[in-house]
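Notes follow the structure.
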Amino acid sequence: MPVREGTYGLLAEFDTPSQLVSAAEGAYNAGYRRMDCYTPYPVEEAAEAIGFHRSTVSLVCLIGGLLGLATMFGLETWISVWAFPLNIAGRPYFSWVAFAVPAYEWTILYAGLSAAFGMLFLNGLPQLYHPLFNAPNFRSGATTDKFFLCLESTDPKFDLNETRGFLDRYTPVSVVEVEY
Amino acid sequence: MATKDVPVNDPMLDPVTGEFAVIAPGHTFKSVTEEVSRIVLTPRTPLGWFFGFTLAGGFVLMLLVALAWLLVKGPGIWAVTIPVAWGFAIVNFVWWIGIGHAGTLISAILLLFKQGWRNSINRFAEAMTIFAVVCAALFPLIHVGRPWLGYWLLPYPNTMNVWPQFRSPLMWDCFAVSTYATISVVFWYIGMVPDLGTLRDRAQSRLGQYFYGMLSMGWRGSVRHWARYETASLLLAGLATPLVLSVHTVISFDFAVALLPGWHDTIFPPFFVAGAIYSGFAMVITLAVPIRKFYHLEDLVTLRHIDNMGKVMLATGLIVAYGYVSEVFMSYCYSASHWEYFMMWNRMFGPMGWSYWVLITCNIALPQLLWSRKLRRNVGFMFLMSLIVNTGMWFERFVIVVTSLTRDYLPSSWGTYRATKWDYATFAGTLGLFTFLFFLFIRFLPMIPMSELRLMLPQAKIHKEAQPIPEAGD
């Protein structure tokens, strides 16, 4: 990412989740799109308010699980039928019932890893630097007990004074300009 | 999930369900955060922690000595020989992995059932799972005799041109346990990321900020992130649930697929899973009681937690009791096989019959006291009961593994088993390792999930109508 300068956005701080949700709804209805809320625990209503309805994590998980199933079952079949056929007490080389057990485990393994790492990837994490950490009140509150709404400067509707005035109407504790 | 209906005006009693609140009243987002994070971020480590850590460290040293001697001399230093080739190593393996299962049950199954009370205990129950799996996985590895060739279990192209044999339950075991360990670690870590972010932001020392900053991967609590995070957590919980049931099922296949009387039982999978959860909940209580006392967490890990865990123990204990009764019925009354008949007689009245009665006393007789609500809410009693149940469950595995093997079909091949000092040292050493890792965990990582506690507070409820909403549009 190129080095950027200037304003990342305006960060409004709220004391309660309800205030945050109504401000987020208001901003969305007013036409703002490039924005995000920051909360110390999951607030689904806030995600809904800013127009984030569904994530693709489940799909990634499903694909991962099917891949795990196919990988292990295919590996077992290939090993037991072609690569290294062994006669074990007269059982068939293609003992799919027995193969089901490790295949089941790998379905879960791949699905779980896909869900976890897929979630991190979609979230853009790990990302150790973010402009918001420059805001003086962000780190003391966002992961403890404060609720933030950030309207980002890349939004076409963003105007420093106008947006600040807009946010002030929701009686935030403070509105801070965040630098890159 | 986001809005849990916790009463606002009556802090102790839920008007809908009539149940007691999980967290003691009067807490705020800040107070629960401080209560949990101060344990980790305090610059002064309590003296008691050093005492326990050193004691556990002594046992870890003993384990290292026992392992070193094992590598020098081989498994002959243990009592394992024919006919009892499995001995303590497999008893301990099954016992440890069973203990781990309650952690997954609390974190995954109770999450799916929306049991809010689990939120205070799930993190350290998950940690317990991981450390128990570490101890468990050690045993099959050192039991194979040449642990440095343990990777031969894995399917990989090699110059010997041989591949694993996938029709063997021992092979299934390898995949079940390794998957379980991996998914448990991932579930635990992902669950911890938001709390690590909190610690990063609250850490005073530079080192702490770097350490937790790296671990938290830059978590900033965006609601988009939270939404994906919640989906991933639910998916992981949904995956961990069939996983935990399958792991002990597969372990029971190690026995049930064999033809030995006492092992060849169709009831083994559900019986093993119930036993695993039983002993695991006992271990959670064993850990929770001293921790909440020592760190003054009585507000967060309340009597209701202890009470509920007592109920789960009672229920799973009764399932286990059903398993014992079924075994007796099958072998004495139903099988019409005198091998089975003799196995059960030998188990009860043979030379090692005492171990069977220890297990009946510890697992069935004494836990019936848990029917009493008063006793379930007595912390000292519950601690004692958890130790009793863990002892009983260890003896259950001992009875299954050792007693069955000592006397099989052919009297000329009968033998006996007497554990050596190295057997005891290795077992005690893993108890030390488990405690050692746990001490590190409670000192350096958040043992109670702060973000989930915040969610349970009445303040977390959204009041839409209470807010004057300015006109939309501008």
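The values are calculated or read from the model by the stated rules, or taken from the named source; none is laboratory data. Please read these numbers as outputs of a predicted model, since none were measured by experiment. Glycine also receives a Cβ, built like all others from the backbone with ideal geometry; neighbour counts cover every protein chain displayed.
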Open item on the list: more than 12 Å from chain A (Cβ to nearest Cβ), modelled with pLDDT of 90 or more and within 30 Å of B:Ser326 (Cβ to Cβ): is that true of B:Gly275 in this structure?
Closed with: yes
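Based on this model, can you work out whether B:Trp339 counts as at pLDDT 90 or above, over 21 Å from the mean Cα position of the chain (by Cα) and surrounded by fewer than 18 Cβ atoms within 10 Å (Cβ to Cβ)?
In short, no.
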- [ ] Select from segment B:82-121 the residues that are over 19 Å from B:Leu243 (Cα atoms), assigned to a helix (DSSP H, G or I) and in contact (Cβ under 8 Å) with a residue 24 or more places away in the chain and list them in ascending order.
- [x] B:Gly87, B:Phe88, B:Ala89, B:Ile90, B:Val91, B:Asn92, B:Gly116, B:Trp117, B:Asn119, B:Ser120
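Yes/no matrix, rows are residues, columns are (1) at pLDDT 90 or above; (2) part of a helix (DSSP H, G or I); (3) among the polar types (S, T, N, Q):
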residue	(1), (2), (3)
B:Arg220	no, no, no
B:Asp265	no, no, no
B:Ala282	yes, yes, no
B:Thr286	yes, yes, yes
B:Val289	yes, yes, no
B:Val301	no, no, no
B:Ile306	no, yes, no
B:Met309	no, yes, no
B:Ile319	yes, yes, no
Open item on the list: Six or more apart or on different chains, Cβ atoms under 6 Å: show the pairs whose first residue is in segment A:90-116 and within 14 Å of A:Phe73 (Cβ to Cβ) and in contact (Cβ under 8 Å) with a residue 24 or more places away in the chain and whose second is among the charged types (D, E, K, R) and in a helix (DSSP H, G or I).
Closed with: A:Phe99/A:Glu76
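Taking the stated definitions as given, is B:Val325 among the hydrophobic types (A, V, I, L, M, F, W, C) and crowded, with 24+ Cβ neighbours inside 10 Å?
Here the answer is no, as B:Val325 does not meet what is asked.
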- [ ] Can you confirm whether segment A:47-58 contains a residue that is within 24 Å of A:Phe117 (Cβ to Cβ), among the aromatic types (Phe, Trp, Tyr) and in a helix (DSSP H, G or I)?
- [x] no
Open item on the list: Going residue by residue through segment B:167-185, is there one that turns out to be out of contact with any Cys (no Cβ under 7 Å at 6 or more places or on another chain) and farther than 23 Å from A:Ala100 by Cβ?
Closed with: yes
Open item on the list: Looking at (1) within 20 Å of B:Ile106 (Cβ to Cβ); (2) assigned to a loop (DSSP other than H, G, I, E, B), which one does B:Asn158 not meet, given that it meets all the others?
Closed with: (1)
Open item on the list: If B:Tyr180 meets every condition in (1) within 28 Å of B:Val60 (Cβ to Cβ); (2) touching a Phe, Trp or Tyr at 6+ places or on another chain (Cβ under 6 Å); (3) not charged (D, E, K, R) apart from one, which number is that one?
Closed with: (2)
- [ ] Please work out which one of (1) part of a helix (DSSP H, G or I); (2) modelled with pLDDT under 90; (3) more than 30 Å from A:Ile79 (Cβ to Cβ) is the condition B:Ile190 fails and give its number.
- [x] (2)
- [ ] Go through (1) crowded, with 21+ Cβ neighbours inside 10 Å; (2) within 30 Å of B:Ser246 (Cβ to Cβ); (3) more than 8 Å from every other protein chain (Cβ to nearest Cβ); (4) of a type outside the set (A, V, I, L, M) one by one and return the number of the condition A:Pro102 breaks.
- [x] (3)
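Yes or no: B:Pro261 surrounded by fewer than 22 Cβ atoms within 10 Å (Cβ to Cβ) and either touching a helix residue (DSSP H, G or I) at 6+ places or on another chain (Cβ under 8 Å) or part of a loop (DSSP other than H, G, I, E, B) (or both)?
Details: surrounded by fewer than 22 Cβ atoms within 10 Å (Cβ to Cβ): no; either touching a helix residue (DSSP H, G or I) at 6+ places or on another chain (Cβ under 8 Å) or part of a loop (DSSP other than H, G, I, E, B) (or both): yes.
So B:Pro261 fails the test.
Here's the yes/no breakdown for (1) over 23 Å from the mean Cα position of the chain (by Cα); (2) of a type in the set (Phe, Trp, Tyr); (3) at pLDDT 85 or above:
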site: B:Met12; (1), (2), (3): yes, no, no
site: B:Glu19; (1), (2), (3): yes, no, no
site: B:Gly48; (1), (2), (3): yes, no, yes
site: B:Val84; (1), (2), (3): yes, no, yes
site: B:Trp95; (1), (2), (3): no, yes, yes
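So for segment B:189-197 (the condition being under 28 Å from A:Ala46 (Cβ atoms), of a type in the set (Gly, Ala, Ser) and within 7 Å of chain A (Cβ to nearest Cβ)), does at least one residue qualify?
Yes - at least one qualifying residue is present in segment B:189-197.
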Task: Qualifying residues in segment B:215-258 (those that are within 7 Å of chain A (Cβ to nearest Cβ) and over 30 Å from A:Glu44 (Cα atoms)) - the one surrounded by the fewest Cβ atoms within 10 Å (Cβ to Cβ) - done: B:Ser246
Open item on the list: Among the residues of segment A:54-74, what is the count of those that are more than 8 Å from chain B (Cβ to nearest Cβ) and under 12 Å from the mean Cα position of the chain (by Cα)?
Closed with: 2
Task: Hey, B:Val401 crowded, with 23+ Cβ neighbours inside 10 Å and over 19 Å from the mean Cα position of the chain (by Cα) or not - done: yes
- [ ] Read through the list (1) at the interface with chain A (Cβ under 7 Å from one of its Cβ atoms); (2) more than 24 Å from the chain's Cα centre (by Cα), then give the number of the only condition that B:Tyr210 fails.
- [x] (1)
- [ ] Evaluate segment B:144-166: report whether one residue or more is facing chain A (nearest Cβ under 9 Å), in contact with a helix residue (DSSP H, G or I) (Cβ under 9 Å, 6 or more places away or on another chain) and under 27 Å from A:Phe121 (Cβ atoms).
- [x] no
Task: All positions within segment A:28-49 that are of a type outside the set (Phe, Trp, Tyr), more than 7 Å from chain B (Cβ to nearest Cβ) and within 17 Å of A:Ser153 (Cα to Cα) - done: A:Gly31, A:Arg33, A:Arg34, A:Met35
